[in-house]
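Participant: Take a look at the following structure, please.
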Amino acid sequence: MHEHGLAKDLWPQLKQIADAQGLGQIKHLEMIVGMLYGVSAEVLIHSFSHAFQGTSFEGAQVLITIVEPGQEFTPPHASQPTAAHGWELLVVRLDDEE
């Protein structure tokens, strides 16, 4: 349930990012999502596949990494790892390359 709503809410923002970067048919989407959203990576990927039907994101390879509070990860464009707070929602990769 949460996954479907999150995918639906994120879709317009992902489309806006892709359009702003001049991307065509999206091949890859990678995100870091905080555990406190209460979502499963597998179910969120499935929810995105439904949200992306009939769009330039359809068929994209989607990778979701769930991070727990205190878990270290390196955010996009950062040189140092940081500790997760649990509410992360970061686009790590969005491209139209194979």
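Participant: As a test, work out the antiparallel percent of DSSP beta bridges whose residues both lie in region 2-95, rounded to the nearest 5.
Facilitator: Working: 8 of 15 bridges.
Antiparallel bridges make up about 55 percent of those DSSP assigns within region 2-95.
Participant: Right, something else. Just one of [x] 1.26; [y] 1.06; [z] 1.01 is Cα Rg over 2.2 N^0.38 Å as worked out from the coordinates here. Which one is it?
Facilitator: It is the value labelled [y].
Participant: Hey, another quick one. From the phi angles alone, apply the Karplus equation (6.51, -1.76, 1.60; θ = phi - 60°) to region 57-68 and give each ³J(HN,Hα) in whole Hz, x where the residue is Gly or Pro.
Facilitator: Along region 57-68, the couplings run 9, 4, x, 5, 7, 10, 10, 10, 10, 8, 10, 8 Hz.
Participant: Using helices alone, I'd like the mean residue ellipticity at 222 nm for the chain: each DSSP H run of four-plus residues gives -39500 (n - 2.57), total over residue count, nearest 500.
Facilitator: Numbers: 2 runs with 30 residues, N = 98.
Result for the chain, helices only: -10000 deg cm²/dmol.
Participant: Counting other Cβ atoms within 10 Å, keep those with at most 16, restrict to DSSP loop, and tell me which chymotrypsin sites (Phe, Trp or Tyr not before Pro) in the chain are left.
Facilitator: Numbers: sites: Tyr37, Phe48, Phe52, Phe57, Phe73, Trp87; in loops: Phe52, Phe57, Trp87.
Here the sparse-neighbourhood loop sites are Trp87.
Participant: Determine the sum of side-chain charges near Gly54: Lys and Arg each +1, Asp and Glu each -1, restricted to other residues whose C-beta is under 15 angstrom from that of Gly54. Walk me through the numbers before you get to the answer.
Facilitator: On the way: positive: Lys8, Lys15; negative: Glu58.
So the environment of Gly54 carries a net charge of +1.
Participant: Using only alpha carbon pairs under 8 Å that are at least six residues apart, calculate the relative contact order of the chain and give it in whole percent. Display every interim value, and only then the final one.
Facilitator: Details: 171 pairs, mean separation 37.4, N = 98.
Relative CO of the chain lands at 38 percent.
Participant: List Ile66, Ile17 from most exposed to least, where exposure is judged by having the fewest other Cβ atoms within 10 Å.
Facilitator: Placing the least packed residue first, the sequence is Ile17, Ile66.
Participant: Specify the residue with the greatest mean-square fluctuation among Gln80, Gln25, Gln71, computed from a Gaussian network of the chain linking alpha-carbon atoms under 10 Å apart.
Facilitator: Sorting by GNM fluctuation, first place goes to Gln80.
Computed from the coordinates by the stated procedures, all read-outs in this text should not be read as laboratory data. All values derive from a computational prediction rather than experimental measurement. Cβ: placed from backbone, ideal geometry, glycine included. Neighbour counts: every protein chain shown.
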